[in-house]
Amino acid sequence: MQTDSDGNFALTGITGYAIDKISILKKGYELSPKAQRSFVFGLKADYKPNPGSPVIFKMWKMVGKEPLVGGAWQGKVFCDSRTNRFSLVSGSPADLEIACTRTPLNYERTNGPSFTYKFVISVIGGGVQPTADEFTHLAPNGGYSPSVTIERKPGDPGWRAGVDQEFYVKTAEGHYGRISVTWDAGHRPQPTVLLWDSSINPSGSRNLER
Amino acid sequence: MKIICLRDKIIAATAVLFLIVVSGIAQLRVSENVPVGFYAKVLDQDGNPVTEARVTFDFIMSYMAENRTKTSEVVLQTCKRILMGTSR
C-alpha cells in the first residue's frame, strides 16, 4: 500500500482486532521514532475511525547525514549534589556537568512518590535546552541556557523516580548537538545510575542527522 | 437403574454446561473482532504530504484465538490490493 497524492492511506472493509507494527518507508525519509505503531479496534479500543481526522504520521525529510562525534557514559553517581564532570566528545576537555540530588538520601520505599530530586545539567561555556521534539535532527538556533534544572517532589504531577530526557546542546566552540540522559533517581542505596549519550556536529552545522 | 439414570443426567448436565461455556467464549471472540476503518496521513517536518510512501503492517485478525497468525489478502481503500502477514 502507498500513500496517495495527499499523503493519505486507509484501511477499510475488513474485520479484526488490531493493527500492529505499522511501518512507513520512503527513501530519503525517516519515520518518527515516537510514532504510535499499534492501534486496537476491538476490546480496549484505543482508536476510533474518523475519515475527517486521520492519524498523522510524521516523517523527517533528510537533508543528508553529516559525520557526528560524541560520547557516552554509564555509571554510578552520588546524589548528594556533588558535580560530575564529563566530556561531551570523547577525548576532549570536560565540558559537561551533571549534579544529582535526592532528598532524603536514604528513603523508605512506599507505593507512591517518596523523595524529592533535583537534576542539573550544564555545558561549560555553552548551553543546553530540553526538548520533546519528535525528531532531534536539527538543533535550534537559540534558546540555550548555561544550565537546566529538573526538580520534582512528591505530589508534583508527572512525578516519576528519575529523569529520561533529551536535550539540545551547544558547546563552547559553537558546535551543536544533542544528548539523551537517563537517571534512575530511585536506586537504593545510592549511588544512583546515570546514562548519557551525546552526538555533536563538529562542523558547526545544526544538522544532527545520523 | 436409578443410579444409571442419575449418572446419565449428570453427564448430560455437564455436557450442556460445557456447550454454554464454549458458546460464550465464541461469542466473546466475535464481539472483540470489529469492522476496521483506519485513516491516516503522512506529513514531513514542514507539514507537506509524503506521497508514495510504502505502508505495511501486521494485522491481528482474531483476538483470543490460539493461533493469531493469519495471512490474508484484503481490498484497501487507497490502493488496489495488499498481502498482509499477521503476527503471533
Next item on the list: Looking for whichever is surrounded by 13 or more Cβ atoms within 10 Å (Cβ to Cβ), within 30 Å of B:Gly37 (Cα to Cα) and not basic (Lys, Arg) here; the options are A:Ser53, A:Ser38, A:Ser92. Which one fits?
Entry: A:Ser38
Note to self: Within the stretch A:72-88, does at least one residue satisfy the condition of being surrounded by 13 or more Cβ atoms within 10 Å (Cβ to Cβ), more than 9 Å from every other protein chain (Cβ to nearest Cβ), farther than 21 Å from B:Asp44 by Cα and small (Gly, Ala, Ser)?
What the structure shows: yes
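Among the residues of the stretch A:56-68 satisfying the criterion of being more than 8 Å from chain B (Cβ to nearest Cβ) and surrounded by 13 or more Cβ atoms within 10 Å (Cβ to Cβ), which is nearest to A:Ile24 (Cα to Cα)?
Applying the filter and picking the extreme gives A:Met62.
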Notebook entry, point to check: Which one of these does A:Glu97 not meet: (1) at pLDDT 95 or above; (2) closer than 15 Å to A:Leu208 by Cβ; (3) not hydrophobic (A, V, I, L, M, F, W, C)?
Noted result: (2)
Margin query: Looking at the stretch B:34-58, I want the residues that are more than 7 Å from chain A (Cβ to nearest Cβ) and have a partner that is surrounded by fewer than 20 Cβ atoms within 10 Å (Cβ to Cβ) and not aliphatic (A, V, I, L, M) with Cβ atoms under 9 Å, at least 6 apart or on another chain. Which pairs are those?
Written below: B:Asp46/A:Lys61; B:Asn48/A:Lys61
Check: Could you say whether any residue in the stretch A:191-208 is touching a residue at least 40 places away in the same chain (Cβ under 8 Å), assigned to a loop (DSSP other than H, G, I, E, B) and closer than 30 Å to A:Pro104 by Cβ?
Finding: yes
Notebook entry, point to check: Within the stretch A:147-182, can you find the residues that are surrounded by fewer than 17 Cβ atoms within 10 Å (Cβ to Cβ) and in contact with a Ser or Thr (Cβ under 6 Å, 6 or more places away or on another chain)?
Noted result: A:Ser147, A:Lys153, A:Asp164, A:Glu166
Check: Among all residue pairs at least 6 apart or on different chains, which show Cβ distances below 6 Å where the first residue, located in the stretch A:119-140, is closer than 11 Å to A:Gly177 by Cα and within 14 Å of chain B (Cβ to nearest Cβ) and the second is in a loop (DSSP other than H, G, I, E, B) and not hydroxyl-bearing (Ser, Thr, Tyr)?
Finding: A:His137/A:Leu208; A:His137/A:Glu209; A:Leu138/A:Arg206; A:Ala139/A:Arg206; A:Ala139/A:Leu208
Checklist line | Subset of the stretch A:131-163 (residues that are more than 23 Å from A:Asp80 (Cα to Cα) and in a strand (DSSP E or B)) | finding: A:Thr131, A:Leu138, A:Ser145
Note to self: Just the residues that are modelled with pLDDT under 95 and β-branched (Val, Ile, Thr), please, taken from the stretch B:34-50.
What the structure shows: B:Val34, B:Val36
Next item on the list: Can you work out which of the residues in the stretch A:1-54 that are among the aliphatic types (A, V, I, L, M), more than 15 Å from B:Asp44 (Cβ to Cβ) and in a strand (DSSP E or B) is farthest from the other protein chains (Cβ to nearest Cβ)?
Entry: A:Val40
Check: Of all residues in the stretch A:47-66, which are at pLDDT below 95 and either closer than 27 Å to A:Asn201 by Cβ or of a type in the set (Lys, Arg) (or both)?
Finding: A:Lys48, A:Val63, A:Gly64, A:Lys65, A:Glu66
Item checked: Subset of the stretch B:22-33 that is more than 23 Å from A:Gly13 (Cα to Cα) and of a type in the set (A, V, I, L, M) - its residue that is modelled with the highest pLDDT -> B:Val22
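The values are calculated or read from the model by the stated rules, or taken from the named source; none is laboratory data. The shown structure was predicted, so the numbers you read here are calculated from the model rather than taken from an experiment. When we count neighbours, we look across all protein chains shown, and the Cβ atoms used for this are built from the backbone with ideal geometry, even at glycine.
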